[in-house]
Amino acid sequence: MLILFVVKCSLYLYSTYALYMPRPKKLRKISNAPKFKGFRAIRLDSDKEPAPILMDYDEYEAIRLSDYVLKKQTEAARDMGISRPTFARIYESARRKLAKALSEGAPIIFQGGPVYFTSEWFLCRNCKCYFNHPDKEESSIVCPLCRSSHVRQCEQDTF
Ligand SMILES: [Zn+2]
């Protein structure tokens, strides 16, 4: 009876924890980082520049795949390793930021976000394995073979 009570308590605690803790975002696959740190409007007057708009790399990638490479959303979502509804949300957020920047003349600054690059390679210091697609369910990068988090990113010219 006591054991059952303990199990019930821990289930309750877990469900309370799961309810209030934000779920870690899945990593989104990006084929390449933007080649610029951001953009700035050419101003005609000396008005104060509006605050910069921060655009995550996944938002940049969504705009690039949809409006530059002209991929369908299903295909673009597959490229980024996410569901189509998630892609649609990221794309909508990116379009709104872009429209705000164009309308208000605000600078755009690219920043991180939950992404990994397909051009990235890692070396596991534990088992000496090289890998380039970290487990998307993990919040930190771990080796796919031995699950060690003792990894380091390799330089591009190593390969
Ligand atoms: Zn390893």
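The values are calculated or read from the model by the stated rules, or taken from the named source; none is laboratory data. Because the structure is predicted, anything quoted here is derived from the model rather than measured. Glycine also receives a Cβ, built like all others from the backbone with ideal geometry; neighbour counts cover every protein chain displayed.
Among the residues making up region 43-63, those that are modelled with pLDDT of 90 or more and among the aliphatic types (A, V, I, L, M) are Ala51, Ile53, Leu54, Met55, Ala62, Ile63. Assess whether Ser66 counts as being at pLDDT 95 or above and either away from the ligand (no atom under 16 Å from the Cβ) or not in a helix (DSSP H, G or I) (or both). When the stated conditions are applied, Ser66 passes them. The single condition among (1) surrounded by fewer than 18 Cβ atoms within 10 Å (Cβ to Cβ); (2) within 25 Å of Ala41 (Cβ to Cβ); (3) in contact (Cβ under 8 Å) with a residue 12 or more places away in the chain that Ser148 does not meet is (2).
The residue list Ser103, Ser148 contains one member that is outside any strand (DSSP E or B), modelled with pLDDT of 90 or more and over 30 Å from Pro50 (Cβ atoms), which is Ser148. Which one is surrounded by the fewest Cβ atoms within 10 Å (Cβ to Cβ) among residues in region 114-145 that are of a type in the set (D, E, K, R) and modelled with pLDDT of 85 or more? Restricting to residues being of a type in the set (D, E, K, R) and modelled with pLDDT of 85 or more, the top hit is Lys128. Tell me whether region 81-88 contains one or more residues that are loosely packed, with under 14 Cβ neighbours inside 10 Å and part of a loop (DSSP other than H, G, I, E, B). Yes, some residue in region 81-88 is loosely packed, with under 14 Cβ neighbours inside 10 Å and part of a loop (DSSP other than H, G, I, E, B). In the set (1) within 16 Å of the ligand (Cβ to nearest atom); (2) touching a Ser or Thr at 6+ places or on another chain (Cβ under 9 Å), the condition left unmet by Tyr91 is number (1).
For region 119-138, the condition holds for at least one residue, the condition being that it is under 30 Å from Arg40 (Cα atoms) and more than 10 Å from the ligand (Cβ to nearest atom).
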